[in-house]
1. Taking only Cα atoms, what is the 0 to 90° angle, nearest 10, from helix 40-56's long axis to the longest principal axis of the chain?
2. Report the gain in length on full extension from D68 to K90: 0.36 nm times residue separation, minus Cα-Cα distance, nm rounded to one decimal.
3. Run the numbers on the chain and let me know its relative contact order in percent, using alpha-carbon pairs under 8 Å that are six or more apart.
4. Which three extents, in whole angstrom, do the alpha-carbon atoms of the chain cover along their principal axes, largest first?
5. Exceeding 23 Å between C-alpha atoms, which entries from my cross-link table qualify? They are K123/K150; K20/K60; K90/K150; K58/K123.
6. Within the chain, which is the longest segment containing none of the chymotrypsin sites (Phe, Trp or Tyr not before Pro) that sit in a DSSP loop and have at most 10 other Cβ atoms within 10 Å?
7. Let me have the relative contact order for segment 1-67, percent, based on Cα pairs under 8 Å that are six or more residues apart.
8. Hey, got a sec? Which GluC sites (Glu not before Pro) in segment 162-195 land in a DSSP loop and have at most 15 other Cβ atoms within 10 Å?
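Every read-out reported here was derived from the displayed coordinates using simple, explicitly stated rules and does not represent laboratory data. Being a predicted model, the structure only gives us computed values, none of them experimental. Cβ sites come from the backbone with ideal geometry, for glycine too, and all protein chains shown count toward neighbours.
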Amino acid sequence: MDNLARTTFTESEYLELERKADFKSEYYKGEIFAMAGATVIHNKIVANLISIFSQFLKDKPCDVYPSDLRLWVESEGFYTYPDVTIVCGKVELLDNKFDTLKNPTIIIEVLSDSTEKYDRGQKFSFYREIPSLKEYILVSSKTKKIEKFKRLEDGNYLYMESNENQPFPLDSINANLNLEDVYNKIDWSLVENKS
């Protein structure tokens with residue numbers, strides 16, 4: 001997969017390559033972009049979130065998925081791997097390979113220095129094109145902070161930021177996140193330039 005940024009691929013070619021690859025890559029408009037690895041803190045936060053949602057959703061018609069499940073934004077021809085995805089109702093997949101999701105209810109990205117601008121900007125603009133998306137959640141890996149963009153009936157998004165002393169509501173699944181649970185066992189001494 002040399003020279004991926006200089007060669008264009010069809011979506012089918014990307015999927016064929018991606019399904020054989022040893023690493024994950026995003027796809028957009030013919031270009032393939034390798035995804036970087038994540039820090040210990042990033043991975044611990046993701047693990048905490050998966051654990052929290054697995055327990056909360058066990059008796060509900062929703063499921064939580066880790067970052068190995070690829071997401072397709074059809075209107076943009078964009079493929080990516082969100083850190084955590086929640087789907088309520090029947091899972092809709094791209095094809096019979098069962099590895100590319102089409103209908104997330106909630107997408108969660110854990111922010112890092114290298115991805116924060118992208119997660120807030122271009123990636124969020126792609127995610128907003130997904131009809132099923134109800135909430136987009138950003139989780140800081142530098143401080144105890146969660147942000148939410150909730151889709152309103154008119155298609156606009158309402159912004160909300162966490163307060164360390166109150167549960168953080170996820171309306172689309174009738175749940176509350178406790179910051180202490182999200183950041184359980186985080187070694188903040190590993191964070192550079194903690195704000």
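1. 80
2. 6.0 nm
3. 16
4. The principal-axis extents, from largest down, are 49, 38, 30 Å.
5. With Cα atoms farther than 23 Å apart: K20/K60; K58/K123.
6. In short, 99-195.
7. With pairs under 8 Å counted, the relative contact order is 24 percent.
8. Answer by residue number: E164, E192.
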